[in-house]
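Engineer: Below is the structure I would like to discuss, written out as structure tokens.
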Amino acid sequence: MLMTLEFKSKMQSELFDKIMRKMNVTKFDCYYSSLALLWSATYKEELLDCVDQGVKLDKVKEVIKPYTNGEKSLIRFGLQCFNENMDNITLPEVLESLDEENREIVKQALRIRYNF
């Protein structure tokens, strides 16, 4: 599937690239790409410490403690897109905490992850 990603900013695009490189992803992957898109939308560089070729779930839980509800929702939904067993956040929980710009990021992540 060929998809052009839409980022909120150059900063988000750069963080997306850093996350993908840190996870050693060299081609499109719906699991890694949806996670990286959602996480990069938070602009939180410290999330790079939570990934290598996978996700360090305990580290994520620790790092996100001081984040806003919206940031936590994007991160938790990213975990769920990556591996549905990592988090059980519901779509209404995610969307209720976000502004329109971040809702568009979630819609895009859904298209990436579920190919629609």
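Bear in mind these aren't lab numbers, they're just calculated from the coordinates by the rules spelled out. Values in this document were obtained by computation on a predicted structure and should not be read as measured data. Cβ coordinates were reconstructed from backbone atoms using ideal geometry, including for glycine residues, and neighbour counts include every protein chain displayed.
Engineer: Suppose we filter Arg76, Arg21 for residues that are surrounded by fewer than 16 Cβ atoms within 10 Å (Cβ to Cβ), of a type in the set (Lys, Arg) and assigned to a helix (DSSP H, G or I); which single one remains?
Structural biologist: Checking each option against the conditions leaves just Arg21.
Engineer: Another question, then. Name the pairs: first residue in region 19-48 and free of Cβ contacts under 8 Å to residues at least 24 places away in the same chain and under 15 Å from Ile64 (Cα atoms), second residue among the hydrophobic types (A, V, I, L, M, F, W, C) and not in a loop (DSSP other than H, G, I, E, B), Cβ to Cβ under 9 Å, at least 6 apart or on different chains?
Structural biologist: Once the first residue is free of Cβ contacts under 8 Å to residues at least 24 places away in the same chain and under 15 Å from Ile64 (Cα atoms) and sits in region 19-48, its partners that are among the hydrophobic types (A, V, I, L, M, F, W, C) and not in a loop (DSSP other than H, G, I, E, B) give Glu46/Val63.
Engineer: What residue, among those in region 15-44 that are of a type in the set (D, E, K, R) and in contact with a helix residue (DSSP H, G or I) (Cβ under 8 Å, 6 or more places away or on another chain), is farthest from Ile112 (Cα to Cα)?
Structural biologist: The extreme case among them is Lys44.
Engineer: Further, regarding this structure: Report whether or not Glu45 is more than 24 Å from Glu6 (Cβ to Cβ) and of a type in the set (Asp, Glu).
Structural biologist: Here the answer is no, as Glu45 does not meet what is asked.
Engineer: Still on this model: Which of the residues belonging to region 7-46 are hydrophobic (A, V, I, L, M, F, W, C) and in contact with a strand residue (DSSP E or B) (Cβ under 9 Å, 6 or more places away or on another chain)?
Structural biologist: Hits for region 7-46 are Ile19, Met23, Leu35, Ala36, Trp39.
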